[in-house]
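The values are calculated or read from the model by the stated rules, or taken from the named source; none is laboratory data. Quick caveat: nothing in here was measured; it's all calculated off a predicted structure. Positions of Cβ are generated from backbone atoms using ideal geometry, with glycine treated the same way; all protein chains shown enter the neighbour counts. The protein model used for the area step is the full one, side chains on, heavy atoms only, and it has no ligands, DNA or RNA in it. Shrake-Rupley method; radii C 1.70, N 1.55, O 1.52, S 1.80 Å.
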Amino acid sequence: MDSEKKIRIPEGLWIKCSLCRQIVYRKEVEKAGKVCPKCNYHFPITVEERICQLSDPGSFEEFSQNVESVDPLEFTDSVRYTDRLKAAQKKTGLSDAIRIGECSIVGKPAVLGVFSFGFMGGSMGSVVGEKVVRAAERSLEKRVPLVLVTSSGGARMQEGIFSLMQMARTSAAISRLHQASIPFFSVLTDPTFGGVTASFAMLGDIILAEPRSLIGFAGPRVIEQTIKQQLPEGFQRAEFLLSHGFLDMVVERGRLKETLSQLMCIFSSSGSSCKSLPVGGEGRE
């Protein structure tokens, strides 16, 4: 009988939230910028989605997109490093774990760099370090703000010391921006760890983060095993870091573009005519 037929629901219409575990309508999540309407959990988004979210339509012009990693150590673990690179490039369509380009943000010119966690965990090797340096140099040349959106597990072990050297290189490049009074806004997303956190990511004139982002150097389990103590609730989450002075603002994804635009205005010569921002942003108690 027709009444006994099962109703078939097309796959992919619903998605399970990783935080509240509720089943939510996918289109509703996408409409909210990949944010759960039940608990405000911020789902991971792609590099392309992040660029579209932050830059004005059609304004992003990528540069240095063809720079690719080599294998200076001829590194092999379970597979060769060169094979890992090819697999990551095929999976993401990127040459490496970051895209950089010039754009405008609410009409204001900027240099924007966005990490891809999908490319080998957003790890920082020679190419990522080189692109961060080039982005800073372009920002210095054009005298426009630099915005870097990070999502990384840290330095790329397959490149050894060549990877660790990028911490000093990127920090030096950001220092040149500071000396020239050109603003650098660092946006930390979930997760940002290791050598990226320990270098340029925490050197921003203003350091922002998305809600509940995990941010740190070593992971919480490693820290607990080292100090033999239980960590406080919410340790290494963006809100915890904000309350302890490591961040300037925790900003929801939907307000990030507007907030960056306001910060760019405040740091410009016309700063006196800008809208004020709430101290600490969302998450400040």
Enumeration of residues in the stretch 26-38 that are closer than 13 Å to Arg253 by Cα and open to solvent by 80 Å² or more (accessible area, probe 1.4 Å):
Glu30, Lys31
Note on the stretch 168-195: residues in contact with a Ser or Thr (Cβ under 8 Å, 6 or more places away or on another chain), open to solvent by less than 50 Å² (accessible area, probe 1.4 Å) and in a helix (DSSP H, G or I) are Thr170, Ser171, Leu177, Gly194, Gly195
Name every residue in the stretch 242-261 that is open to solvent by 20 Å² or more (accessible area, probe 1.4 Å) and assigned to a helix (DSSP H, G or I), in order of residue number.
Ser243, Gly254, Arg255, Lys257, Glu258
So, in the stretch 198-210, exactly how many residues are open to solvent by less than 20 Å² (accessible area, probe 1.4 Å) and not in a strand (DSSP E or B)?
5
Is there a residue in the stretch 76-93 that is in contact with a Leu (Cβ under 8 Å, 6 or more places away or on another chain), buried (at least 20 other Cβ atoms within 10 Å of the Cβ) and assigned to a loop (DSSP other than H, G, I, E, B)?
no
Give me the pairs, please: first residue somewhere in the stretch 116-145 and farther than 13 Å from Glu102 by Cα and of a type in the set (Ser, Thr, Tyr), second residue anywhere and open to solvent by 10 Å² or more (accessible area, probe 1.4 Å) and in a loop (DSSP other than H, G, I, E, B), beta-carbon distance under 7 Å, and either six or more positions apart or on two chains.
Ser116/Leu94; Ser123/Gly153; Ser126/Ser69
Could you grab me the full set of residues in the stretch 97-138 that are open to solvent by less than 10 Å² (accessible area, probe 1.4 Å), part of a loop (DSSP other than H, G, I, E, B) and out of contact with any Lys or Arg (no Cβ under 7 Å at 6 or more places or on another chain)?
Ala97, Phe119
Counting only residues that are among the small types (Gly, Ala, Ser) and in contact with an Asp or Glu (Cβ under 8 Å, 6 or more places away or on another chain), which one in the stretch 215-252 is nearest to Gly154 (Cα to Cα)?
Ala238
Residues that are part of a loop (DSSP other than H, G, I, E, B) and open to solvent by 80 Å² or more (accessible area, probe 1.4 Å), drawn from the stretch 39-64:
Pro44, Pro57, Gly58
Would you check which residues across the stretch 211-225 are assigned to a strand (DSSP E or B) and surrounded by fewer than 21 Cβ atoms within 10 Å (Cβ to Cβ) and list them?
Leu214
Among all residue pairs at least 6 apart or on different chains, which show Cβ distances below 9 Å where the first residue, located in the stretch 213-241, is free of Cβ contacts under 8 Å to residues at least 40 places away in the same chain and β-branched (Val, Ile, Thr) and the second is assigned to a strand (DSSP E or B) and open to solvent by 50 Å² or more (accessible area, probe 1.4 Å)?
Ile215/Asp190; Ile215/Arg237
Residues in the stretch 226-239: is at least one of a type in the set (Lys, Arg), part of a loop (DSSP other than H, G, I, E, B) and open to solvent by 60 Å² or more (accessible area, probe 1.4 Å)?
yes
